[in-house]
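Data first, discussion second: the structure below is written as structure tokens.
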Amino acid sequence: MNTHRHEDGLTRCAWCGTDPLYVAYHDTEWGVPEYDDRALFEKLILDGFQAGLAWITILRKREGFRAAFDGFRPEIIARYGPEKVEALMQDAGIVRNRAKIESTVRSAQSWLDIQERGPGFSKLLWEINGPVQDNRRQPGDAPIVTSPAALAMSKELKKRGFNFVGPTIVYAFMQAVGMVDDHAVTCHRHGLPS
């Protein structure tokens with residue numbers, strides 16, 4: 001079953017369990033359409049850091065990531081040098097993976113290029129995806145882990161210099177930022193845009 005009824009009487013996607021942090025994320029963020037360029041950058045980077053880990057690990061460290069990466073301001077991250085990378089490798093408040101940290105610096109540079117040359121990060125991503133897709137997941141359906149839009153977005157991001165943006169990571173990102181509505185149809189959040 002892919003939903004669970006909670007003590008508050010609401011039915012939620014089973015993946016969020018009962019951890020209050022996870023439940024709040026499910027109810028207020030996951031699947032809500034995001035159009036802010038910088039917020040989309042942050043979420044894409046965090047999804048890249050999540051590769052190989054549980055999302056709750058990243059969620060618990062999100063404030064540490066925000067502090068370590070200067071509020072995910074690409075204009076600052078793009079200027080990080082080797083000393084900053086080494087400092088980040090010592091920061092227990094984040095996932096200390098050199099390849100992902102260095103990728104974040106390159107991705108910030110790529111993000112700036114998209115902002116300066118056009119069309120803008122949000123516009124680029126939403127044009128690839130199109131309107132919000134409703135996947136109408138029924139109880140018992142297998143989880144969706146990628147899509148043609150995720151593959152196209154992955155290719156475009158890689159072409160523009162991003163790493164840790166394979167189709168599975170990109171699909172998780174698309175779920176998080178509301179490009180697809182993957183809440184189970186029996187979840188109280190299904191079909192709600194905000």
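The values are calculated or read from the model by the stated rules, or taken from the named source; none is laboratory data. None of the values given here were measured: they were computed from a predicted structure. Methodologically, a virtual Cβ is constructed for each residue, glycine included, from the backbone with ideal geometry; neighbour enumeration extends over all protein chains shown. Protein only, heavy atoms only, side chains kept; ligands, DNA and RNA dropped before computing areas. Shrake-Rupley method; radii C 1.70, N 1.55, O 1.52, S 1.80 Å.
Assign unit charges at the C-beta atoms only (+1 for Lys and Arg, -1 for Asp and Glu), then state the dipole size of the chain relative to its Cα centre in Debye, rounded to the nearest 20. Write out the running numbers ahead of the final one.
Numbers: 24 positive and 25 negative charges, 97 e Å.
The dipole of the chain has a size of about 460 debye.
A 1.4 Å probe, protein heavy atoms only, puts the accessible area of residue 153 near 0 Å².
When only the heavy atoms of the protein chains count and the probe is 1.4 Å, how do 127, 116 rank by accessible area, highest first?
Most to least solvent-accessible, the answer reads 116, 127.
Size descriptors for the stretch 59-130, from the alpha-carbon set: Rg then Dmax equal 13.5, 40 Å.
Excluding ligands, DNA and RNA, the accessible surface per residue across the chain is 47 Å² with a 1.4 Å probe.
At a 1.4 Å probe radius, which order do 60, 38, 73 fall into by accessible area, largest first?
Listed by decreasing accessible area, they come as 60, 73, 38.
For the stretch 1-37, applying the loop criterion from DSSP together with a ceiling of 13 other beta carbons within 10 Å to the GluC sites (Glu not before Pro) yields 7. Report the calculated FRET efficiency for residue 6 and residue 83 (r = Cβ-Cβ distance, R0 = 41 Å), to the nearest 0.05. For R0 = 41 Å, the calculated efficiency reads 0.30. According to the square roots a ≥ b ≥ c of the eigenvalues of the Cα gyration tensor, what is the shape class of the stretch 1-109, taking rounded for a/c under 1.5, prolate for a/b larger than b/c otherwise, and oblate for the remainder? Prolate is the answer for the stretch 1-109, as a/c is 1.5 or above and a/b outweighs b/c.
With all protein chains in place and ligands, DNA and RNA left out, the 1.4 Å accessible area ranks 151, 112, 157 as 151, 112, 157, largest first.
Counting heavy atoms of the protein chains alone, residue 66 has an accessible area of about 70 Å² for a 1.4 Å probe. Compared with the alpha-carbon gap, the fully stretched path from residue 23 to residue 116 is longer by 29.8 nm at 0.36 nm per residue. Dividing the mean sequence gap of close Cα pairs (under 8 Å, 6+ apart) by how many residues the chain holds gives a relative contact order of 32 percent.
Give the carbon-plus-sulfur fraction of the accessible surface of the chain in %, rounded to a whole number; probe 1.4 Å, heavy atoms of protein chains only. The nonpolar share, carbon plus sulfur, comes to 54 percent.
Kirkwood-type hydrodynamic radius, the stretch 44-194: 16.4 Å, calculated from all non-identical alpha-carbon pairs. Straight-line cross-link reach from residue 84 at under 22 Å between alpha-carbon atoms covers these lysines, not counting any fewer than eight positions away in the same chain: 43, 61, 100.
Size of the dipole of the stretch 1-87 about the Cα centre, Lys and Arg at +1 and Asp and Glu at -1 on the beta carbon, nothing else charged, in debye to 20?
Details: 11 positive and 15 negative charges, 33 e Å.
The calculation lands at about 160 debye.
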